[in-house]
Amino acid sequence: MPPRRDDEERERPSWREIDQRRDGSRHRAKAPPPVPKAQAESIRQQALAQAEALFKGKRARPEYQTDLKKLEAGHGSKKFPGLAKKFLEEYGLPEEWGALTRLLDYDDPAAGVQVLQAMAGQVERRSRVEKQGFKGRLQVLALTSPHLEIRREAEEILAKFE
């Protein structure tokens, strides 16, 4: 059979062009459909929150808030020393002013001194009422604490107030 003339004259598409005409190659995945802006922003916020939690460590976890609430609920009870010890071993000193105030009642002189130092470092950022409450607490600790280390630290911090 002789070759047909019209086959030679017209240009034949390559396989790539044929695949593109079919809406994409079979050898590569299709691009995902575009994500709406609102959904993209929420995904970005979630990723940012996860990254911040990673850098904050244990304190960003939900368990920290749960244990902090247990510590606050157990304040003044027989369970408080055990809760405070467990909390301090697990997370260290909290940054929350209220939790630090509660930990002043924990009967460990080394922890008490650390709590006083942490509170003294935060006192400039506190309201006038909180500063007065802290100063009153220091006066009481300086006079009545059974631990010499706590009494000395309270007196040193009080001297800085005046």
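Identify the trypsin sites (Lys or Arg not before Pro) of the stretch 58-162 meeting these criteria: DSSP loop state and at most 12 other C-beta atoms within 10 Å of the C-beta.
Answer by residue number: LYS78.
In a solvent-free Debye calculation with one equal scatterer on each Cα, what is log10 I(q)/I(0) for the stretch 37-161 at q = 0.13, 0.20 Å⁻¹, listed in the order of the q values?
Debye intensities relative to I(0), on a log10 scale: -0.61, -1.12.
Placing +1 on the Cβ of each Lys and Arg and -1 on the Cβ of each Asp and Glu in the stretch 37-161, which of ALA73, ALA118, LEU148 has its Cα farthest towards the positive end of the resulting dipole?
Most positive-ward Cα: ALA73.
Based only on other Cβ atoms within 10 Å, what is the fewest-to-most ordering of ASP107, ASP19, ASP67?
ASP107, ASP19, ASP67
What is the extension gain from LEU148 to GLN20, computed as 0.36 nm multiplied by their sequence separation minus the C-alpha to C-alpha distance, in nm to one decimal?
Between LEU148 and GLN20, full extension yields an extra 37.8 nm.
Using label points projected 7 Å from each Cα along Cα→Cβ, tell me how many nm separate GLU41 and GLU155, to one decimal.
Reported label-point gap for GLU41 and GLU155 is 5.9 nm.
Run through the stretch 73-148 and list the GluC sites (Glu not before Pro) located in a DSSP loop whose Cβ has at most 16 other Cβ atoms within 10 Å.
Answer by residue number: GLU95, GLU96.
Every read-out reported here was derived from the displayed coordinates using simple, explicitly stated rules and does not represent laboratory data. All values reported here derive from a predicted model rather than from experimental measurement. Neighbour counts run over all protein chains shown; Cβ positions are idealised from the backbone, glycine included.
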